[in-house]
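K.L.:
This structure is in structure tokens; I'll ask about it shortly.
The values are calculated or read from the model by the stated rules, or taken from the named source; none is laboratory data. Just so it is clear, the structure is predicted and the values come from calculations on it, not from any experiment. Methodologically, a virtual Cβ is constructed for each residue, glycine included, from the backbone with ideal geometry; neighbour enumeration extends over all protein chains shown.
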Amino acid sequence: MKRKWEAKLKQIEERASLYERKPLSSVYRPRLSKPEEPPSIWKLFHRQSQAFNFVKSCKEDVHVFALECKVGDGQRIYLVTTYTELWYYYKSRRNLLHCYEVIPENAVCKLYFDLEFNKLANPEADGKKMVALLIEHVCKALQEFYGVNCSAEDVLNLDSSTNEKFSRHLIFQLHDVAFKDNVHVGNFVKKILQPAFHLLAGEDDDMIPETMDHGFSHFPGTQVKQGISLSETSTDKDIGESWSLNSEKLERLGAAKQSSPDLSFLVVKNNTGEKHLFVDLGVYTRNRNFRLYKSSKIGKYVALEVAEDNRFRPIQSKNVSMENQYFLSSLVSNVRFSDTLRILTCDIPQQKRFEYFNSTNTSVETIEGFQCSPYFEIDQFVLSLVNKNDIKGGIRRWNYFFPEELLVYDICKYRWCENIGRAHKSNNIMILVDLKNEVWYQKCHDPVCKAENFKSNCFPLPPEVCLLSLLKEEEEFTTDETANKETRNPYEAPSRALSKGTFSDVDWDNSIDDTYFLEATEDAELVEAAENSLLGYDGVDEIPDELIIEVLQE
DNA sequence: CAGCGCTACCACACCCC
DNA sequence: GGTGTGGTAGCG
């Protein structure tokens, strides 16, 4: 009995000693001037989407963080709290050791970089020098592209290197300037590092990553303007000054980029000896997790700390500690509000979209896409045709035949066929819109209907859709040869519609930057290629139905 | 019970020479 | 052999 008691006592003493050595941290009690304290917000979720839903429902300025779980397989849970409360529990570094900021998609954010190379595979590489050269290059680019002034003193430089690996995070602290979101940051980074991609593949251009190849022109003068624009769009916050790119600046951009800078310092080898970039381009994806200042990866013990060669110093403050200042500065999506905040954008057209303008495309006479064609009004009209009697039909895909000015819509979920007077059971129908004759008719994929080459009666297009004919008339005022060619130029239909504001940019396969689009039509090489391939065109009045079916079935 | 968002890579089908 | 596609392992 006594022995049992002694054992218990010893156990309690041990527990007491443990608590003395590692006391429980006190509960967060926010102290603001207001007498009613704001409630503590500290919520954990298994799913990122749930965390973001909670953020939406929350009126406080809360953010999502990812915490790596004990299991070393990269599993994460999501924490929603304020920067202040997180720092309160985080600063002791006794817990929350492996935390990541979730950079929300579509959220305004800072310019940031993840830099790394294997030291063993690159014994000659001078990391600090490479960082300095990179910062210099980026600052020049910010000045040239956006007129933004900055220097190494505006770059928080965090180090997470080991004996094997050189590893840094750079977070730019620009004054009253931020990017629209981290995808735009990525586009900007890829754009300004473009000269380095050629170095990766040696003399051979074939090795350039495909997404790059379409985004960057080989002609510096045109390429710089392309896709980079200074947005006048405001964020949710009220932003005073708008920002526009003037022609003088454009001139300067063209001139400045005539000679590519030497970016050979960015090329490093990985452990298998392949050439890579010092800059990790994989960190600009939606909802990217970016390791927090003073956090380490799970299973590792190296945390991000202010680098020896960091030159950014936060503003001294009585109420906020230096560490807290560094922490707040390191947060990529912690953009300080200001009524003169400028939001920078950088668009790169997606490859799918660019295919239509690719000079290697053999089929310049057609363009195609899914769900929304470049003609918003016609899409709406077609949708109205296939939304009847509680059946919600949709546009599965579309094809546009330039010579015939024919839009062919593949319809889904709505199968009413005029030929059989009822809906087909397993075959889809098509709606064909003839812009030349301003009529529409129906055909279908049913083998029986196809066999008899069924085509419904023609019906006139409603007047609002015929608005497009006004554009056509306008084009016809210029009646020389080139104008005739232009109406058949594949670039014409969408860009003309755009300049008239008759389709919203989201309908042209998500979104596309106006600047880019106009640039594309000016790209002499592409236009020339398109025109050349149109020279053999002999103006067929009606496209054979078989051809339409063949294209649709591909 | 429970991560997320990609990209590189592979297998496979299809086409053309 | 070239090209497109669809699925997925694995990276960040």
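K.L.:
Within segment A:330-343, is there a residue that is under 18 Å from residue A:167 (Cβ atoms), within 16 Å of DNA strand B (Cβ to nearest atom) and surrounded by 13 or more Cβ atoms within 10 Å (Cβ to Cβ)? Explain how you work it out, then say what you get.
P.N.:
The initial filter retains those residues of segment A:330-343 that are under 18 Å from residue A:167 (Cβ atoms), namely A:330, A:332.
Pick out the ones that are also within 16 Å of DNA strand B (Cβ to nearest atom) and you get A:332.
Retained after the next criterion (residues that are surrounded by 13 or more Cβ atoms within 10 Å (Cβ to Cβ)): A:332.
Looking through segment A:330-343, at least one residue is under 18 Å from residue A:167 (Cβ atoms), within 16 Å of DNA strand B (Cβ to nearest atom) and surrounded by 13 or more Cβ atoms within 10 Å (Cβ to Cβ).
K.L.:
Return the pair list, or none, for Cβ contacts closer than 7 Å from residues in segment A:281-301 that are under 25 Å from residue A:91 (Cβ atoms) and of a type in the set (D, E, K, R) to residues that are within 11 Å of DNA strand B (Cβ to nearest atom) and not in a loop (DSSP other than H, G, I, E, B), at least 6 apart or on different chains.
P.N.:
A:288/A:103; A:288/A:182; A:291/A:100
K.L.:
For segment A:99-163, which strands (runs of 3 or more DSSP E) that fit wholly inside it have 2 or more residues that are more than 16 Å from DNA strand C (Cβ to nearest atom)?
P.N.:
A:155-159
K.L.:
Suppose we keep only residues that are in a strand (DSSP E or B) and at pLDDT below 95 within segment A:64-76. Which one would you say is nearest to DNA strand B (Cβ to nearest atom)?
P.N.:
A:76
K.L.:
Tell me the residue from A:327, A:337 that is in the same structural domain as residue A:118 (by the TED database), of a type in the set (Phe, Trp, Tyr) and within 20 Å of residue A:92 (Cα to Cα), please.
P.N.:
Being in the same structural domain as residue A:118 (by the TED database), of a type in the set (Phe, Trp, Tyr) and within 20 Å of residue A:92 (Cα to Cα) holds for just one of A:327, A:337, which is A:327.
K.L.:
In the set A:300, A:318, which member is in a loop (DSSP other than H, G, I, E, B), within 25 Å of residue A:126 (Cβ to Cβ) and either within 16 Å of DNA strand C (Cβ to nearest atom) or charged (D, E, K, R) (or both)?
P.N.:
A:300
K.L.:
For residues that are farther than 21 Å from residue A:155 by Cα and of a type outside the set (D, E, K, R), scanning just segment A:268-295, find the one that is farthest from DNA strand C (Cβ to nearest atom).
P.N.:
Applying the filter and picking the extreme gives A:273.
K.L.:
Moving to a separate point now. Restricted to segment A:303-313, and to residues that are surrounded by fewer than 17 Cβ atoms within 10 Å (Cβ to Cβ) and part of a loop (DSSP other than H, G, I, E, B), which residue is farthest from DNA strand C (Cβ to nearest atom)?
P.N.:
By that ranking, first place goes to A:313.
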